[in-house]
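Below: one structure, written as structure tokens.
The values are calculated or read from the model by the stated rules, or taken from the named source; none is laboratory data. Model, not experiment: these values are computed from the prediction. Please note: Cβ atoms are built from the backbone with ideal geometry, for glycine as well, and neighbour counts cover all protein chains shown. Please note that ligands, DNA and RNA were not included when accessible areas were found on the heavy atoms of the full protein model with its side chains. Shrake-Rupley method; radii C 1.70, N 1.55, O 1.52, S 1.80 Å.
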Amino acid sequence: MKDNRSIKERDLGSKPAREKVKIAAFLCKWCSYAGADLAGGSRKKYPPNVIVIRTPCSARTNPLFVWKSLEKGLDGVLVSGCHPGECHYSEGNYHTRRNFAVFRKLLEYIGIEPERFHMSWVSAAEGDKWAEVVKDVVKVVESAGPNTYFSKKKEDNG
Amino acid sequence: MMKVAYYPGCSLHSTAREYDISFQLVCRKLGIELQEIPHWVCCGSSPAHVTSHLLSIALPCKNLILAEEMGLDTVVAPCAACFNRLKIAKQEVAEDSKLKKEVEEVLGKPSAGKIEVKHPLQVIIEDVGLKKVEEMARRKLQGLRVASYYGCLLVRPPSVINFDDPEDPQSMDNLVSALGGEALPWAFKTECCGASFSLSETDIVFELSGEILNEALEAGAECILVACPLCQSNLDLRQKGIEKRRGKKFNLPILYFTELLGLALGMSMRQLGLSRHIVNPSKLLERKLAVT
Amino acid sequence: MARIGVFVCHCGTNISATVDVKKVAEIAKGFPGVKFTTDYRYMCSEPGQDLIQKMVKEHNLTRIVVAACSPSLHEKTFRTCTQNAGLNPYFFEMANIREQCSWVHDDREEATLKAIDIVKLAAAKVGKNNPLQTTFIPVEKRVLIIGGGISGIQAAIDVAFNGFETVIVEREPSIGGRMAMFDKTFPTLDCAACILTPKMVEVNQSDLIKLYTYSEVEEVSGYVGNFKVKIRRKARLVDENKCNGCGTCWQRCPVRLPSEFDMNLGKRKAIYVPFPQAVPNVPVIDQEHCLYINKKKCGICKKVCPFEAIDYEQKDEVIEEKFGAIIVATGFTMFDHSIYGEYGYGKYKNVTTGLHFERMLNSSGPTGGKIVRPSDGKEAKKVVFIQCVGSRDEARGMPYCSRLCCMYTAKQALLLKEHNPEAEAYVFYIDIRAAGKNYEEFVERVQDEYGATYLRGRVSKIFQRNGRLMVRGCDTLSGTQIEIDADLVVLATALIARPDAIKLAQMLHIPYDQNRLFTEAHPKLAPVETVTTGVFLTGACQSPKDIPDTVATASAASVKACGLLSHEKLPIDPQIARVDVEICSGCLACQEVCPFGAIEKEEIVDRVTQQKRWVAKIAPSLCNGCGACNTACRPGAIDLDGFTEEQIFGQIESLTADKGDER
Amino acid sequence: MKCSIASDKFRRKFAEQIEEICGERISLCYQCGKCSAGCPVTYAMDYLPSQITRFAQLGLTDKAMKSSTIWICASCQTCSVRCPRGIDLAKIMDALRILAKRKGIVPKEQIAPLFDGIFLGSIEKYGRLNELSLITKLNMASGRPFKDVSLLPIMLKKGKIKLKPQKSNPGKEVRYLMRKVEKLESK
Amino acid sequence: MVEQLRQKAKELLKNKEVEVIIGYQKSNNNSFTTPCFIESEDGVDRLTWDEHCVYNLSLYLKEVKGKVGVVAKGCDVKSIVALMQENQIERDRVKIIGLECQMQVDEKGQVLEKCRTCQVHIPGMYDELVRSKTSASKIESKESDKEYSVLEELEAKSTSERWQFWQRQFEKCIRCYACRQVCPLCYCSECITEKSVPQWIFPSPSLKGNTTWNIVRAFHLAGRCIDCGECERVCPVNIPLRRLNKKMEKEIQTMFNYVPGLDSKKKPPLVDFRVDDPQEFIR
């Protein structure tokens, strides 16, 4: 995660308080959603900026959902699924990985900050990891600030 | 005509002159032009890699760069130790970008990446081909019973060397069979002769080389074929001492495969420098091959 | 327009301590379509559920949102409750404000705002839920068992005992598998044949068990309850119905060949039964070597057969049968040690494997129970056993432990001593893994009573000197290198998946691991199931197993299969993919990504052009509802019920409709 | 002799040091002993090669580095080729020797390290190995002045060694290269 | 060459191997060529071939039913391969008359950008081949003509500069969908943009809708676009669409070592995977 690491290295703590970012997270129900549940079960604390949309498999998450989220004004998107080789449907997350490997390149090329899209593998046993991922993602999205892609020109309501 | 860079290494200019002579002669005959790398340096052999990893990579790389600067795409190294060090250096630099940077800093030049490192056996088997060798042979080996001894460094580690089998190599055996000799199956083809201890821990050489000689003799060998100056020196120079310790006569000539190939191609023992061997091979060769 | 009811749960104080549930209920009133909201202490309790049902009636609600814990806990509970309220059970969504909200945030205001978002998300989705009907499929009450070793035999007996019909498909001419080759079994030293043969006979005599030996599964289609299976019955050239196994033919056959069953240590004929107790006791003609088939000479077997059972013209036959469930019992094969140059590349005759040794021990085996050197047939007095050959070897073999070699090696060392008390047994091992019942005690006996010499270390080289084997090993416990001259070396080679395991896995749509071993649905809680409903695993095709474990999994798998078959009909989850053929352009990208082979190509007549064209068709019973096909479908012709595009768009939109409004 | 195992942190650091030098992970070793079984020179070692790896795993660095084993290893790579975990033990032996040299705990009685130094000295001077000078210097340094003297006449006669160093002398370049290596490594 | 082409076309029609041949004919009023559909032997004289034949005629293959012959350059054949890969045409229904092309030119007589870096001047698949006397593959390419050099300028820009660049481009879009109509791989009978429940793309021209449309199209073509360049050629407002598609092509080639349109037996990259695919971007 080259791009984000460089951002993480910057001191984010000293940034002035700004508008709270909102992030949609598409989680597969078998691993990452269960991992997020486990984080709750073990009372791991993390920032409240991430709202979860539950999907059967990460492969259900069409890359274009990510674009629609950004188009509609969300500040960041996270997609999370089972670790490779652990997909409940045996190979769904391999397809997810390919789709997003390509799609994130398109986003960047079109001029979307790489800070806005994130992906992770979180298993049902990784409650801690889920909390860490959320903390990280929120930090990085905050560094990019609120989504203003279309806010200056309000010419349609699509 | 095939043109390759030639890295003789220290031994071929000293203890293994006859390997140098016979290899050059054989190459000329087979249509391979050898161009010695100007100002080549020692590959660092056994002491470098136990002293400094960087040094053990930088020294061979220095030679690879020199060879590449000659505009050739292959360098041939007859000494198995040199061959091994050159191959390892090339691979490690290719796989480790950090090491690559360090080596380039030491050498002040971009490291060579394209040049291929080969052992003479590889050139003869892969580039010339046994078929051609067989056609060109003027003398048959007349069933000469040969134990081919490859040593450790010629075939190990297989992931780097990528030539022949690490446990039961066949290239010299195939050459012997192609030339009409009898290639003996035996189990000590890649056992260590103690090469690096030749001068420091000579007792180990006596022990290990003694085992090899013994096993070859038991297998019915009349001579041992080698492809490395260190193997040759240990088995030849130390043979008398081994005989004394074991109380057993071996009298096994230790021939370079280039020498046997040279004989098959019609050259004389004198041309090939066979008089330089400590265990005199002339009786055997005169008797079996009727060469002079 | 949907009329949504939102029910916010306090979960005691689990939620209400951090989330202002009253406020959540209050604000939710303003969400599109929401007609009623309330909060309650325990929604999942009986009074809570009653409340929902009452409010549905009172406010004429058509959709329910319960904001409480994770759907993995109570989705099912509230679906039933929704159904009891007279609504379609899928007109319900759960908003997870406990695990993913109240438990992970401290700030009450922030947590409340987030809970509101979560409820909004659920309300946006539930408004667009489709009524889904659970469908049922009838069940074919037969079980297919692939493989007729001890595992398949046990499974067949258990299924038959439950009163269901089963078919065993076995590739070899006889059932019995590897166990039929063994001499005695550890740790009790029962004779393998004595405990296996009665089971083989039972299988043969059961009215409910059909045997297709010398047969292979060629194609599997369909789904749980309705598998259609094509089976190739290879031509035996002997009529099974006429032959009574008298043996005249094979006694007279002039062709002598190495016997595979005897690991090439003994001979068989070109017409043969693999071993005397074979079931069925009907020979097969080896077409590759039969003189009549190849040269039109001989023909003796046909001449001497008193029942005219020999039929040289017989051809392979492919039959198709239907099954409700499939049990995979294909077993294992042995690792080929000839990749190890240091052990002589398989060239030394006296370097053998455990199975060779097993045949030699067997008194009805090729050596009549004598332990000999295969090179010259002389008695082997000094035997070196080497464990972990190909096991626990990431570099060139299998990374895993083969699990039973420790035990059978100990058994073989013991039997060697029993056959010849003068013989010496040396065992090179790395760790002794003897974790079964009475296993450790057994190994102790072998070392103590029988005096087998155990050396802890791996052997590095075996070579031949003067016709004897030199074994160069090491005893790491004493710190010494050891060289033993042996008559015979017995390698405990790894148990590995069969070479064609992947082909079968693809046919059945079951996953396999990096070692080509079939993968169970869950390593702990579903150890004999696979992710393909209706396909079960038993025995060593899943991982190396000894006989007790194999028999246990066979019984487990048969219970699972019978459980399925005990239903007249099976429900299928309606949250699956469907194709809009009007939009589908037939690129079949969906077919490429479907992990279950649930998508087929179907020819339809276009409604507008009246021309034929291809479209994708989904088999509902094979679809598991992962949604990979949706993503692959460019025009959006596929949708996934329960997670439709409209629902997900609605969820995204709900999050952004009033972005910043709350702040 | 009782021996207490080094702390976790120390062991990890030592393992990392070895990995840093040679890229091999000692933690992969599960002590099957195949290296020791195939090693041609165990008979001359005080500990088995597998025991050296074990010492390294336990952080018993002195035990590993002061053993004769690491100096007796002939670098023949038999162990590396056959290791079921794919560990290149020959490289670990190299790394231990390098570490021992760095720490200055090379046992006096070991001749191999003397040989290494004199060999490198020779190529530092001449760019290539001068065998005659190597033999004489090594014999003097190891206190065996007459070792192999009986072989000298025949070697001279057969042209195996020459009294004069070779004509070409790329020593300068090797010296330059060695300085650079030292500089880089001291960083 | 033209004679050879007409001869081959004639034979195909005569032997009833095809019912119709899709080719190029001279247009009436200028040096340009237009597609033509020839159903009888005597019509073959209309066929022509020169550097002005730029259209990708594979576009019509799906529409024309029955046995059909098509005149195709190397790049066009790539789209035929892609269509076969995606089940849209059956190989045995189509006879390909491959043409060795000599670099096609635009209205101004300039060699097309795509031709300068083309690797398939001789088609990779054909039933009949018409060779050229002046082979284009012999024409030396310049250093600046590297496969992806067209992307370099934009790639070097910062994220926000790129956003502004593309926004300026998309602002121009009038949603005429000419890019889609001319694309051989945009064959869906109903395009996602026509879908209203849910609405993926806001239908009338607007910056947001235009951006979404172009992103959706670029992603739908990822791993499939064979770079015939037709979309960019027909765009009335000159949006540099090739730079979008080429970028996807480059990334997919780097990550998955896949080039579209070369092998009809291969799975397209976005419905395929390898266990060791790159994933350094995933936490």
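For the residues E:38, E:80, E:89, the requirement of being aliphatic (A, V, I, L, M), over 27 Å from residue C:591 (Cα atoms) and crowded, with 18+ Cβ neighbours inside 10 Å singles out E:38.
Here's the yes/no breakdown for (1) over 18 Å from the mean Cα position of the chain (by Cα); (2) among the hydrophobic types (A, V, I, L, M, F, W, C):
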| residue | (1), (2) |
| --- | --- |
| B:44 | no, no |
| B:58 | yes, yes |
| B:66 | yes, yes |
| B:81 | no, yes |
| B:85 | no, no |
| B:104 | yes, no |
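Regarding region C:244-267, can at least one residue be identified that is in contact with an Asp or Glu (Cβ under 6 Å, 6 or more places away or on another chain) and buried (at least 21 other Cβ atoms within 10 Å of the Cβ)? Checked against the condition, which is being in contact with an Asp or Glu (Cβ under 6 Å, 6 or more places away or on another chain) and buried (at least 21 other Cβ atoms within 10 Å of the Cβ), region C:244-267 yields no hits at all. Give me a count of the residues in region B:131-186 that are in contact (Cβ under 8 Å) with a residue 24 or more places away in the chain, assigned to a helix (DSSP H, G or I) and touching a strand residue (DSSP E or B) at 6+ places or on another chain (Cβ under 9 Å). Of the residues in region B:131-186, 6 are in contact (Cβ under 8 Å) with a residue 24 or more places away in the chain, assigned to a helix (DSSP H, G or I) and touching a strand residue (DSSP E or B) at 6+ places or on another chain (Cβ under 9 Å). Considering region C:429-466, and only residues there that are within 14 Å of another protein chain (Cβ to nearest Cβ) and open to solvent by 60 Å² or more (accessible area, probe 1.4 Å), the residue that is farthest from residue C:545 (Cα to Cα) turns out to be C:466. Given the criteria within 24 Å of residue E:214 (Cα to Cα), of a type in the set (Lys, Arg) and within 8 Å of chain E (Cβ to nearest Cβ), does residue A:105 qualify? In short, yes.
So which helices (runs of 4 or more DSSP H) stay within region B:1-81 end to end and still have 3 or more residues that are open to solvent by 30 Å² or more (accessible area, probe 1.4 Å)? Quick ask: steps written out before the conclusion?
On the way: elements: B:9-12, B:17-30, B:45-49, B:53-69.
Those helices (runs of 4 or more DSSP H) span B:17-30, B:53-69.
Checked against the criterion of being within 14 Å of chain D (Cβ to nearest Cβ) and over 17 Å from residue C:347 (Cα atoms), region C:494-516 has at least one qualifying residue. In the set (1) within 14 Å of chain D (Cβ to nearest Cβ); (2) touching a residue at least 60 places away in the same chain (Cβ under 8 Å); (3) over 21 Å from the mean Cα position of the chain (by Cα), the condition left unmet by residue B:220 is number (1). If you go through region B:152-177 and keep only what is open to solvent by 20 Å² or more (accessible area, probe 1.4 Å) and among the polar types (S, T, N, Q), you end up with B:159, B:162, B:170, B:174, B:177.
Each row is one residue, and each column tells you yes or no for (1) out of contact with any Phe, Trp or Tyr (no Cβ under 7 Å at 6 or more places or on another chain); (2) within 23 Å of residue C:116 (Cβ to Cβ); (3) in contact (Cβ under 8 Å) with a residue 24 or more places away in the chain; (4) not in a helix (DSSP H, G or I).
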site	(1), (2), (3), (4)
C:1	yes, yes, yes, yes
C:22	yes, yes, no, no
C:32	yes, yes, yes, yes
C:36	yes, yes, yes, yes
C:48	no, yes, yes, no
C:51	no, yes, yes, no
C:58	yes, no, no, no
C:83	yes, no, no, no
C:88	yes, no, yes, yes
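Residues being buried (at least 17 other Cβ atoms within 10 Å of the Cβ), closer than 22 Å to residue B:33 by Cα and away from chain D (no Cβ under 11 Å) are entirely absent from region B:91-98. Within the set D:90, D:100, the sole residue that is of a type in the set (A, V, I, L, M) and closer than 26 Å to residue B:191 by Cβ turns out to be D:90.
Would you be able to say whether some residue in region D:152-171 is closer than 29 Å to residue B:38 by Cα, surrounded by 15 or more Cβ atoms within 10 Å (Cβ to Cβ), in contact with a Gly (Cβ under 7 Å, 6 or more places away or on another chain) and within 7 Å of another protein chain (Cβ to nearest Cβ)? Checked against the condition, which is being closer than 29 Å to residue B:38 by Cα, surrounded by 15 or more Cβ atoms within 10 Å (Cβ to Cβ), in contact with a Gly (Cβ under 7 Å, 6 or more places away or on another chain) and within 7 Å of another protein chain (Cβ to nearest Cβ), region D:152-171 yields at least one hit. Please enumerate the residues belonging to region E:18-30 that are modelled with pLDDT under 90, in a loop (DSSP other than H, G, I, E, B) and open to solvent by 60 Å² or more (accessible area, probe 1.4 Å). Within region E:18-30, E:28, E:29, E:30 meet the criteria. Take region A:65-81 and flag every residue that is farther than 20 Å from residue C:578 by Cα and either free of Cβ contacts under 8 Å to residues at least 12 places away in the same chain or at the interface with chain C (Cβ under 7 Å from one of its Cβ atoms) (or both). Listed by number, the residues that qualify are A:68, A:69, A:72, A:73, A:74.
Residues are listed down the side, and each one gets a yes or a no for (1) part of a strand (DSSP E or B); (2) under 40 Å from the mean Cα position of the chain (by Cα); (3) of a type in the set (Ser, Thr, Tyr):
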position: C:458; (1), (2), (3): no, yes, no
position: C:462; (1), (2), (3): yes, yes, no
position: C:470; (1), (2), (3): yes, no, no
position: C:473; (1), (2), (3): yes, yes, no
position: C:478; (1), (2), (3): no, no, yes
position: C:482; (1), (2), (3): yes, no, no
position: C:485; (1), (2), (3): yes, no, no
position: C:491; (1), (2), (3): yes, yes, no
position: C:498; (1), (2), (3): no, yes, no
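Looking across region C:78-108 at every residue that is charged (D, E, K, R) and more than 10 Å from chain A (Cβ to nearest Cβ), the one that is farthest from residue C:36 (Cα to Cα) is identified as C:108. Of all residues in region B:262-285 being within 13 Å of chain D (Cβ to nearest Cβ) and open to solvent by less than 30 Å² (accessible area, probe 1.4 Å), which is farthest from residue B:14 (Cα to Cα)? Once the filter is applied, the top-ranked residue is B:281. The requirement of being of a type outside the set (D, E, K, R), assigned to a loop (DSSP other than H, G, I, E, B), surrounded by fewer than 21 Cβ atoms within 10 Å (Cβ to Cβ) and out of contact with any Pro (no Cβ under 7 Å at 6 or more places or on another chain) is fulfilled nowhere in region D:114-136; no residue meets it. Restricting attention to region A:88-110, does a residue exist that is open to solvent by less than 40 Å² (accessible area, probe 1.4 Å), of a type in the set (D, E, K, R), in contact with a strand residue (DSSP E or B) (Cβ under 6 Å, 6 or more places away or on another chain) and at pLDDT 90 or above? Taking every residue of region A:88-110 in turn, at least one turns out to be open to solvent by less than 40 Å² (accessible area, probe 1.4 Å), of a type in the set (D, E, K, R), in contact with a strand residue (DSSP E or B) (Cβ under 6 Å, 6 or more places away or on another chain) and at pLDDT 90 or above. Taking region D:40-52 as the range and being open to solvent by less than 30 Å² (accessible area, probe 1.4 Å) and more than 7 Å from every other protein chain (Cβ to nearest Cβ) as the test, the residues that pass are D:45, D:49, D:52. Summed over region C:296-354, residues that are closer than 30 Å to residue C:160 by Cβ and either out of contact with any helix residue (DSSP H, G or I) (no Cβ under 9 Å at 6 or more places or on another chain) or assigned to a strand (DSSP E or B) (or both) total 15. Taking region E:144-221 as the region of interest, the helices (runs of 4 or more DSSP H) fully inside it that hold 2 or more residues being open to solvent by 20 Å² or more (accessible area, probe 1.4 Å) and either within 14 Å of chain A (Cβ to nearest Cβ) or within 17 Å of residue E:247 (Cα to Cα) (or both) are E:149-155, E:159-172, E:207-221. Summed over region C:119-138, residues that are crowded, with 20+ Cβ neighbours inside 10 Å and more than 18 Å from residue C:639 (Cβ to Cβ) total 5.
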